[in-house]
Amino acid sequence: MKKMLLAVLVLFAAAAHAGPKIEHWVAPSGAKVYFVETHVLPILDVSVDFAAGTVFGPADKTGVAGLTRALLDAGAGDLDEEHISSKLVDLGARMSGSADADRAGMSLRTLSSQAERAAALDLLRTVLAAPTFPESVLTREKARTIAGIREADTRPDSIAAKRFAAAIYPGHAYGASATVESVERIGRDDLVAFHRDNYAAKRAVVSIIGDVSRAEAETIAQRLTEALPAGRPDVTIAPVVMPVRATVKVAHPATQSHIHIGAPAIARTDPDYYALLLGNYVLGGGGFVSRLMQEVREKRGYAYSVYSYFSPRKLEGPFEIGLQTKREQADAAIKVVEEVLGDFLAKGPTEKELAAAKKNLVDGLALRIDSNAKILGYLSAIGFYGLPLTYLDDFPAKIDAVTVEQVKAAFARHVKPEHLVTVIVAAD
Amino acid sequence: MTKKLVPLLALLAASASALANPFETTLANGLRVIVKEDRRAPTAVHMVWYRAGAMDEKDGTSGVAHVLEHMMFKGTKHHAAGEFNKIVAEAGGRDNAFTSLDYTAYFQIVPNRALPRMMELEADRMANLQLTAKEFEQEIKVVMEERRMRTEDNPQSLVHEALYAAAFKAHPYRRPIIGWMDDLEHMSYTDARDWYHAWYTPSNAYVVVVGDVDHRAVFDLAAKTYGRIKPHALPGRKPQNEPEQPGIKRVTVKAPAKLPYLAMAWKVPKLKDVDADREPYALEVLATVLDGHDAARFSKNLVRGSKIAQSAGAGYDGTLRGEAMFILDGQPVEGKTVAELEAALRAELKRVQDEGVSPEELARVKIQTIASQVYKRDSMMAQAMEIGGIEAAGHKWQDIDKLLEKIRGVTAEEVQAVARKYFNDDALTVAVLDPLPPDQAKPRKPAVAVRH
């Protein structure tokens, strides 16, 4: 029963001063490798991420990227899914996957003792390079995926998220969600082709942190990627087309309206990243101290959760303001949000607010890199988005250099009222 | 299988014995302070746990423990509403709080140099909260929005609320943590104030600090901050034991959804005596065999094998103040009914009753337990939660290792014995979600007119 779900508030990656020493090389396979050596705990974390997100799938088969990722460990080499899962459990290792619009991959946490580590890494290698995509598993997982979609399409939060993505990315892969029809069209050949095209060493970032030496890490990275398929030449993703300002209302019997307001905003490598990160902290990213939280929740009691975030991607990722409020007062709450946003776009943060935001982001760096799991996430992002190796070290100086005028100008460039789309599910 | 355990155990022992850790002291006013030094990063977790949760509430003011948790951010004699949050934020930290059936806890995660300030502020609101009608009137609306979000519009939450309300008729676990909406509508700031004055006192609380700190320095700080607070007597607590259930109970919840959902809860023993008890550990192992990992029986047999379940789970928490239940739940796949899923879940239990569990399955439980312990050390918050959680149930942090050792010592016969002994229908409550197509459901009217 947490007072607030903080996890959703800041999707911006933020990092720390005097970051860990990151080593980088390219494996003979062509994979980019990022490594931090630390022997404090007897564990090893590895993730392998590919440019294999939903944007790389065929437009009429949305869901193929997710299913390909999900079925990697459902049969690989000469192992079936029961062998793979029981072997991992017997080793005390944990394997998990993730897939978003841009990337997809697997991560592994294992004890660093030689026998466990070697066996767990062998499994990861097999799963990444030689998935068999058994027809029977695909049939089952398609049915579960379709049931999950039908279920999600009854829930106001999922309906709102899908409608919002579709509305701000008209005709673009960033706006597409898997549907019953798109999943039904997917066959085994699609998974095989998607894997062959995208799970290639030259599209891969290998991140390693833990209780191994540099020499061991080099061997691990090469072994994990040497047997991967060759992949296809790089494909260009269609540019994002900005939406026209609009309001979308969707009927639903929920007691609360689910409201999203936003537009495509920023690519991960955009130099305005730091100014938007700071500005968003003041607007709606800074938990209880943000303007949206103060005006919507603290002063008026309109919502339990209200937030804003930028979620940068390869291309322009979304800016979004979200809240849920009793349906009878949805219009009043939206009016407050629009006033807060309008005022912020017109005037930017105050000097005092900017100073407070800088203190939080700079002094809070230590918290964001205080575990191997957290650092692993940074290694992967640095590798995937091509950020400098000194990203964590440079962060405080980059943040400190931002001025009120720069925040205001960055918002003017990236959050334009004429493109803002409002989606209201369970509107009266 | 068992051979593998030796090096793993050695590894655990070697890494744990390096530190005589955690450390504990008790202040003159009864407040206990537990410090675990973890020097990996220059950060610290600071938590205060109060032994007052939803189970201590009375009918008519359900939800007040959680409402007070919200009010704790609304200012003291020395600090205005919201100032605590602001100070934490400017220190680069983050803070929050959570309320459970058994306890209410507050925490900050901060760069270690900010710890003294956090202890000062947390001690301040332990004694000096300013609870005003004005702040309450705003915040109770927020809590009602929270209930709408978490429960009213969440069909599975509604099922769990109904499950607990049906399973317990005397024990306070029957009331939801967030409170009934009607009770929230009629709550006043004096209810929250009375709660605060009754339960928030050093002798009913303990502090947990994990991080890059020196425990002696933390003890000194605690004496200078929390140590100044005078304790007061606590209200009496009645046992409110649940009478023996005389037969199966079934409840149905209708709500907008597509897939039905099923939850089955059996009343089972909880952990009382860490040394002497055996059954709670066997129940824990049973839950792990059924649903503790990806190769466990439910995933293997019900989701992948017979394909009857979209999802299936098993859970048992025996470390609590109130009464324990063993809960199975799941969603049938499209085309299957809840009755078929219920039969499949029962068949899995029957298999354990008839055939027991295999040595491989037991070995897996042990390996998982050891690995989890090693991995947990990558997170300071997880370590603080573990200490706080076991203390909340009335045990000691020293029991953490003992519990794990006990779980590793559970035999196949013991697992089979608890499966045979406790899973009879008379102790069972079943709650089912009957899905309504959203276009046939009507928006529910607010139960009461909006507050003024």
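Given the options A:LEU79, A:LEU72, name the one that is crowded, with 20+ Cβ neighbours inside 10 Å and at pLDDT 95 or above.
Values: A:LEU79 fails: crowded, with 20+ Cβ neighbours inside 10 Å.
None of the other options fit; the residue is A:LEU72.
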Restricting the search to region B:55-109, which residues are at the interface with another protein chain (Cβ under 8 Å from one of its Cβ atoms), over 25 Å from B:ILE387 (Cα atoms) and assigned to a helix (DSSP H, G or I)?
B:LYS86, B:ALA89, B:GLU90
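Could you check region A:243-268 and list, in sequence order, the residues that are of a type in the set (Gly, Ala, Ser) and out of contact with any Phe, Trp or Tyr (no Cβ under 7 Å at 6 or more places or on another chain)? Break it down into steps so the answer makes sense when it comes.
Step one: list which residues in region A:243-268 are of a type in the set (Gly, Ala, Ser), which gives A:246, A:251, A:254, A:257, A:262-263, A:265, A:267.
If the condition is that a residue be of a type in the set (Gly, Ala, Ser) and out of contact with any Phe, Trp or Tyr (no Cβ under 7 Å at 6 or more places or on another chain), then A:ALA246, A:ALA251, A:ALA254, A:SER257, A:ALA267 are the ones that fit.
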Here, helices (runs of 4 or more DSSP H) confined to region B:337-452 with at least 3 residues that are among the charged types (D, E, K, R) are B:338-355, B:359-376, B:399-408, B:412-422
B:ARG32 more than 22 Å from B:GLY92 (Cα to Cα), basic (Lys, Arg) and in contact (Cβ under 8 Å) with a residue 40 or more places away in the chain
yes
Based on what the data block shows, is B:GLY179 among the small types (Gly, Ala, Ser), within 14 Å of another protein chain (Cβ to nearest Cβ) and out of contact with any helix residue (DSSP H, G or I) (no Cβ under 6 Å at 6 or more places or on another chain)?
yes
Being over 21 Å from the mean Cα position of the chain (by Cα) and not aliphatic (A, V, I, L, M) narrows it down to one of A:ARG313, A:ARG368, A:ARG413, so name that one.
A:ARG413
State whether the residues of region A:381-392 include one that is within 14 Å of another protein chain (Cβ to nearest Cβ), open to solvent by less than 40 Å² (accessible area, probe 1.4 Å) and at pLDDT 95 or above.
yes
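Just checking: which of the helices (runs of 4 or more DSSP H) contained wholly in region A:179-232 hold 3 or more residues that are among the small types (Gly, Ala, Ser), out of contact with any Gly (no Cβ under 7 Å at 6 or more places or on another chain) and closer than 25 Å to A:ILE43 by Cα?
Details: elements: A:180-184, A:188-198, A:214-225.
Passing ranges, in order: A:214-225.
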Given the condition free of Cβ contacts under 8 Å to residues at least 12 places away in the same chain, crowded, with 23+ Cβ neighbours inside 10 Å and closer than 19 Å to B:GLY82 by Cα, answer yes or no: does some residue in region A:337-353 qualify?
no
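Quick one: how many residues across region A:163-181 are of a type outside the set (A, V, I, L, M) and surrounded by fewer than 20 Cβ atoms within 10 Å (Cβ to Cβ)? Break it down into steps so the answer makes sense when it comes.
Quick first cut of region A:163-181, residues of a type outside the set (A, V, I, L, M) only: A:163-164, A:169-172, A:174-175, A:177, A:179, A:181.
Now drop any that are not surrounded by fewer than 20 Cβ atoms within 10 Å (Cβ to Cβ), which leaves A:170-171, A:177, A:179, A:181.
Residues meeting the conditions: 5.
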Tell me, yes or no, whether region A:98-116 has at least one residue that is part of a helix (DSSP H, G or I) and open to solvent by 30 Å² or more (accessible area, probe 1.4 Å).
yes
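May I ask you to list the residues in region B:329-348 that are open to solvent by 10 Å² or more (accessible area, probe 1.4 Å) and away from chain A (no Cβ under 12 Å)? Before you say what the answer is, go through the steps one by one.
Here is the first cut: in region B:329-348, the ones open to solvent by 10 Å² or more (accessible area, probe 1.4 Å) are B:329, B:331, B:333-340, B:342-344, B:346-348.
Within region B:329-348, B:ASP329, B:THR337, B:VAL338, B:ALA339, B:GLU340, B:GLU342, B:ALA343, B:ALA344, B:ARG346, B:ALA347, B:GLU348 qualify.
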Can B:PRO243 be described as surrounded by fewer than 12 Cβ atoms within 10 Å (Cβ to Cβ) and at pLDDT 95 or above?
yes
Total residues in region B:358-374, condition facing chain A (nearest Cβ under 7 Å) and basic (Lys, Arg):
1
Evaluate region B:421-444: report whether one residue or more is crowded, with 18+ Cβ neighbours inside 10 Å, farther than 30 Å from B:GLU185 by Cβ and within 14 Å of another protein chain (Cβ to nearest Cβ).
no
Tally of residues being touching a Pro at 6+ places or on another chain (Cβ under 9 Å), within 22 Å of A:THR403 (Cα to Cα) and not small (Gly, Ala, Ser) across region A:250-276
6
Condition test on A:GLY364, is it in contact with a Gly (Cβ under 7 Å, 6 or more places away or on another chain) and within 14 Å of chain B (Cβ to nearest Cβ)?
yes
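Listed here are the residues, each with its yes/no results for (1) part of a helix (DSSP H, G or I); (2) touching a Phe, Trp or Tyr at 6+ places or on another chain (Cβ under 6 Å); (3) within 10 Å of chain B (Cβ to nearest Cβ).
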{"residue": "A:SER308", "(1), (2), (3)": "no, no, no"}
{"residue": "A:VAL340", "(1), (2), (3)": "yes, no, no"}
{"residue": "A:LEU354", "(1), (2), (3)": "yes, no, no"}
{"residue": "A:LYS398", "(1), (2), (3)": "yes, yes, no"}
{"residue": "A:VAL402", "(1), (2), (3)": "no, yes, no"}
Selection count, region B:143-196, where residues are open to solvent by less than 40 Å² (accessible area, probe 1.4 Å), free of Cβ contacts under 8 Å to residues at least 40 places away in the same chain and either in contact with a Phe, Trp or Tyr (Cβ under 7 Å, 6 or more places away or on another chain) or outside any helix (DSSP H, G or I) (or both)
3
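Taking region A:310-319, which residues are in contact with a Gly (Cβ under 6 Å, 6 or more places away or on another chain) and surrounded by 23 or more Cβ atoms within 10 Å (Cβ to Cβ)? Step through it out loud before you land on a result.
Of all residues in region A:310-319, those in contact with a Gly (Cβ under 6 Å, 6 or more places away or on another chain) come to A:311, A:318-319.
Answer for region A:310-319, where residues must be in contact with a Gly (Cβ under 6 Å, 6 or more places away or on another chain) and surrounded by 23 or more Cβ atoms within 10 Å (Cβ to Cβ): A:PRO318, A:PHE319.
The values are calculated or read from the model by the stated rules, or taken from the named source; none is laboratory data. Keep in mind that this is a model prediction, so the values were computed, not measured. Ideal geometry is used to build each Cβ from the backbone, glycine not excepted, and the neighbour counts take in all protein chains shown. Please note that ligands, DNA and RNA were not included when accessible areas were found on the heavy atoms of the full protein model with its side chains. Shrake-Rupley method; radii C 1.70, N 1.55, O 1.52, S 1.80 Å.
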